[in-house]
Amino acid sequence: MSNERILMDETAIRRALTRIAHEIVEKNKGIEGCVLVGIRTRGIYLAQRISERIQEIEGLPIEVCELDITSYRDDRNSGIGGAAKAETAAASEQAMRRNHVQDKRVILFDDVLYTGRTIRAAMDAVMDCGRPQTIQLAVLVDRGHRELPIRPDYVGKNVPTSKQEEIEVSLMEIDQEDKVTILH
């Protein structure tokens, strides 16, 4: 029997995203030359929300791109063979063209940072689309247990977990509610 506990409700998520938006503006001394890249699925919605907050802060829009890293994963057997995998990678690159990242400060967004493999795959995908000036990482939840030397620049909430626990992020755009829960 699993035990569920709410770590962040709608208000806590909103506050964390507002804080991250301010931190991004401060660290980058504005938003010129920045692009927000949301990792599908929930990362894109977080990037869009941050974009809205940054526009409220700076009075200027910031570009948001969606990134599908399925074909870049090394830890999941996607069942996609050679030609189909190349087509998926090409479609991802088409969605985020070279001019979106070339010489830009890319801020990657994901919901949960765990082993680091998703972020490694995302960095590979970004680099296939061009050479950014920098890549920064924003996550709603950092739960630890890294397998790769990856560290977020912006974190909504640090949640030390055991490997048996799971973090589940629900967002209004997909799940009809905003909350982060831990499952024991």
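Multiply the residue separation of Asp128 and Glu56 by 0.36 nm, subtract the distance between their alpha-carbon atoms, and state the gained length in nm to one decimal.
Once the chain is fully extended between Asp128 and Glu56, it gains 22.7 nm.
How high is the relative contact order of the chain, in percent, with contacts defined as C-alpha pairs under 8 Å that are six or more residues apart?
Worked out over the chain, it gives 26 percent.
If each DSSP helix of 4+ residues adds -39,500 (n - 2.57) and the sum is divided by the residues in the chain, what number results at 222 nm, nearest 500 deg cm²/dmol? Please list the in-between numbers first.
Values: 6 runs with 69 residues, N = 184.
Rounded to the nearest 500, the figure is -11500 deg cm²/dmol.
Can you work out the accessible area per residue across the chain, with the rest of the protein chains kept in place, probe 1.4 Å, in square angstrom?
Averaged over the residues of the chain, the accessible area is 52 Å².
Across segment 57-66, in residue order, what do the Karplus-derived ³J(HN,Hα) couplings come to in whole Hz, using 6.51 cos²θ - 1.76 cosθ + 1.60 with θ = phi - 60° and x for Gly and Pro?
6, 9, x, 10, x, 10, 5, 10, 10, 9
Between exposed GluC sites (Glu not before Pro) in the chain, where DSSP calls loop and at most 13 other Cβ atoms lie within 10 Å, what's the longest gap?
33-146
For segment 108-176, what is Rg from Cα atoms divided by 2.2 N^0.38 Å, rounded to two decimals? It would help to have the intermediate numbers written out before the result.
Numbers: Rg = 13.0 Å, N = 69, 2.2 N^0.38 = 11.0 Å.
Relative to the rule-of-thumb radius for its length, segment 108-176 sits at 1.18.
Check Lys157: other-chain or 5+ apart residues with amide H under 5 Å from its amide H, H built from backbone geometry?
Sorted by chain and number, the residues that satisfy this are Val141, Asp142.
Could you give the longest part of the chain that holds none of the trypsin sites (Lys or Arg not before Pro) found in DSSP loops with at most 14 neighbouring Cβ atoms within 10 Å?
In the chain, the maximal stretch lacking such sites is 98-162.
Which of Lys29/Lys179; Lys27/Lys157; Lys27/Lys104 have a Cα-Cα distance over 23 Å? Let's see the in-between values first.
Details: Lys29/Lys179 31 Å; Lys27/Lys157 18 Å; Lys27/Lys104 14 Å.
Over 23 Å Cα-Cα: Lys29/Lys179.
The values are calculated or read from the model by the stated rules, or taken from the named source; none is laboratory data. Note that the coordinates shown come from a computational prediction; the quantities given were computed from them, not determined experimentally. Neighbour counts are summed over all protein chains in view; Cβ atoms, including those assigned to glycine, are modelled from backbone coordinates with ideal geometry. With ligands, DNA and RNA removed, areas are computed over all heavy atoms of the protein, side chains included. Shrake-Rupley method; radii C 1.70, N 1.55, O 1.52, S 1.80 Å.
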